[in-house]
Amino acid sequence: MDKVTKGWVNGLIGVAIFAGSLPATRVAVADFDPIFLTAARATIAALLALAMLALLRQPRPGGAQVFSLILTAIGGVVGFPLLTAMALQHVTSAHSIVFVGLLPLSTAIFAVLRGGERPRPTFWLFSVLGAAMVAGYAAAGSAAGSLQGDLLMLAAIAVCGLGYAEGARLSRSLGGWQVICWALVLSLPVMLPLAWFSMPSSFAAVGAPAWLGLAYVSLFSMLIGFVFWYRGLAQGGIAAVGQLQLLQPFMGLGLAAVLLHEQVSWAMLAVTLVAVVCVAGAKKYAH
């Protein structure tokens with residue numbers, strides 16, 4: 001298996017893990033405040049990351065790398081989790097998942113701006129087509145949508161694209177799992193106090209589903225998924241492998257329907273099926 005193929009395989013594993021993030025967040029915000037949930041998931045993952053870095057005796061990143069790690073943390077550790085948690089107070093996870101189809105375009109744009117990549121023109125055709133389908137669906141609206149929730153999701157996609165591209169660029173020199181671990185550790189001085197001060201006065205009313213949601217987003221969404229994702233982006237190309245995010249809505253919609261019993265419309269399915277075609281086209285014309 002060549003390096004590029006390994007990149008697509010690692011990227012697909014990462015996307016599969018991320019597909020459970022929004023349904024898990026939707027469950028968790030039913031009992032947890034969005035700010036506490038964001039800070040708690042980052043704190044738990046950061047403590048695990050700190051232990052990994054210490055046990056494996058990883059060298060500290062240099063000055064230029066620290067700046068990139070800060071951008072990575074702003075996008076993936078703080079911005080996307082917080083904005084999506086806030087959005088999920090207004091929209092269902094099924095509705096919000098479709099917005100994830102905009103992530104490949106956002107990531108590809110930052111891959112050009114920050115990663116120096118130059119995909120072929122046909123690549124942009126498929127990338128924009130996939131994003132346009134998702135944006136068109138969002139603009140048409142649905143019973144589960146709201147303007148505030150949609151705007152929060154769009155903001156989340158923008159900062160996440162920056163975090164993905166910056167983290168993947170840094171992975172080429174620092175390593176995939178090291179990038180997310182150091183980004184989490186850098187966020188710990190902010191997220192730990194935030195978790196403490198936003199912690200509910202009592203956990204008695206918190207149900208088991210919310211605890212399970214917190215556990216999933218802390219361990220898988222915040223740490224394990226990024227290990228595969230950053231490795232995949234670095235190996236196969238940020239803009240190219242980033243198109244796999246178009247498949248995440250399809251996976252996430254299935255989880256939302258099965259686990260949360262949320263309604264999945266034919267329009268949602270049609271948009272995600274077009275996304276699959278766009279991924280295939282983008283892969284072919286990425287280089």
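Every read-out reported here was derived from the displayed coordinates using simple, explicitly stated rules and does not represent laboratory data. Since the structure is predicted, the reported quantities are computational estimates derived from the model, not experimental observations. Note that we place each Cβ from the backbone using ideal geometry, even for glycine, and neighbour counts take in every protein chain shown.
One table, with the values for the structure above:
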{"item": "Two-site FRET efficiency, residue 261 against residue 1, from Cβ-Cβ distance with R₀ of 25 Å, rounded to 0.05", "result": "0.05"}
{"item": "Gain upon complete extension [residue 47, residue 172; 0.36 nm per residue less C-alpha separation]", "result": "42.6 nm"}
{"item": "Mean Cα-pair separation over length for the chain, i.e. relative contact order, pairs under 8 Å, 6 or more apart, %", "result": "41"}
{"item": "Computed label-point distance, nm, for sites residue 202 and residue 215 using a 7 Å Cα→Cβ extension", "result": "2.4"}
{"item": "Order by protection proxy (mean Cβ within 10 Å, highest first), peptides 186-196, 257-267, 80-90", "result": "80-90, 186-196, 257-267"}
{"item": "Within the chain, helix-based [θ] at 222 nm, where runs of 4 or more DSSP H residues each add -39,500 (n - 2.57), nearest 500", "result": "-23500 deg cm²/dmol"}
{"item": "Computed magnitude of the charge dipole of the chain (debye, nearest 20; Cβ of K, R +1, Cβ of D, E -1)", "result": "920"}
{"item": "Label-to-label distance, nm, for residues given as residue 146 and residue 66 (7 Å Cα→Cβ offset)", "result": "4.1"}
{"item": "Virtual spin-label span in nm between residue 58 and residue 269, 7 Å along Cα→Cβ", "result": "4.2"}
{"item": "Label corresponding to percent of Cα pairs over 26 Å apart when calculated from the structure given, among [x] 45; [y] 62; [z] 39", "result": "[z]"}
